[in-house]
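Just below is one structure, and these are the notes that go with it.
The values are calculated or read from the model by the stated rules, or taken from the named source; none is laboratory data. Remember, it's a predicted structure, so these values are computed and weren't measured experimentally. Quick reminder, even Gly has a Cβ in these numbers, built from the backbone with ideal geometry, and neighbours come from all protein chains shown. Accessible surface is based on the protein model in full, side chains and every heavy atom, while ligands, DNA and RNA are left aside. Shrake-Rupley method; radii C 1.70, N 1.55, O 1.52, S 1.80 Å.
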Amino acid sequence: MSDARIPYTKIRDAQDRSWTERLLSRFGAEDLEGDQRDEIATTLEILADPRAEAPLAAILADRARPEMLRRAAAWILRSSGAVERGTLPALLRDGDRVEQSHALLAMDYGYAELVAAIAEAPGHPLHCEAIQTMAWDFESPRFQTLKIAALAHADGVPGPATPPGSWRGSTSERGPGRSPRRARAAAARAVLGRGALSRACA
């Protein structure tokens with residue numbers, strides 16, 4: 001079935017999980033454009049069908065798959081609460097860049113020390129994710145200080161950290177021509193303002 005014939009809005013409104021298998025099949029198609037993958041990802045996230053968890057986890061774990069597809073799968077898993085939290089420290093330690101990003105973004109306050117260790121290191125390649133992870137529940141003075149420091153750091157000292165690109169390809173904190181320094185500033189401002197965080201670190 002072509003994407004033009006998939007009634008995304010109706011599926012989401014009706015919470016129609018009978019579409020899950022077809023959506024998953026189309027989600028991994030090589031010819032899928034970014035906007036189409038965005039529609040499918042949003043629909044799968046809203047459906048939160050347990051049957052989708054294993055296929056999405058397999059996509060995330062498959063390092064031969066395109067990075068943006070893996071990031072999209074990771075975002076759906078996190079957004080629908082389908083994360084095995086006990087595995088996150090090992091995934092952060094041993095995973096590749098996409099898996100490490102996913103693990104850090106999925107962490108809650110129970111992993112505060114792991115998150116803080118990265119947030120305290122502006123040059124760390126996962127610094128952007130650490131700042132975004134602290135958007136909720138990290139309210140102690142220690143973490144507020146880190147958030148403020150991240151904003152000042154992003155505005156004034158361009159470090160080597162490179163925020164990940166968007167799995168949608170076009171609309172992200174680090175879009176075409178957008179510097180890592182500006183991306184870190186955007187992430188920090190979103191955290192401090194409790195705005196909706198971009199999926200750029202998905």
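Structure values in brief
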item: Vicinal HN-Hα couplings computed from phi for region 112-123 (Karplus, 6.51 cos²θ - 1.76 cosθ + 1.60; Hz; Gly/Pro x); result: 4, 5, 5, 5, 4, 4, 7, 5, 7, 10, x, x
item: Å² of accessible area per residue within region 22-96, as computed with a 1.4 Å probe and no ligands counted; result: 49
item: Loop-located trypsin sites (Lys or Arg not before Pro) in region 30-73 whose Cβ has at most 15 other Cβ within 10 Å (DSSP); result: 63
item: Total charge dipole magnitude, region 1-42, about the Cα centre, Cβ charges on Lys, Arg, Asp, Glu only, Debye to nearest 20; result: 260
item: Test item: Cα-centred dipole of region 1-152, Lys/Arg +1 and Asp/Glu -1 on Cβ, debye; result: 60
item: Region 12-152, relative contact order in percent, only Cα pairs under 8 angstrom and at least six apart counted; result: 15
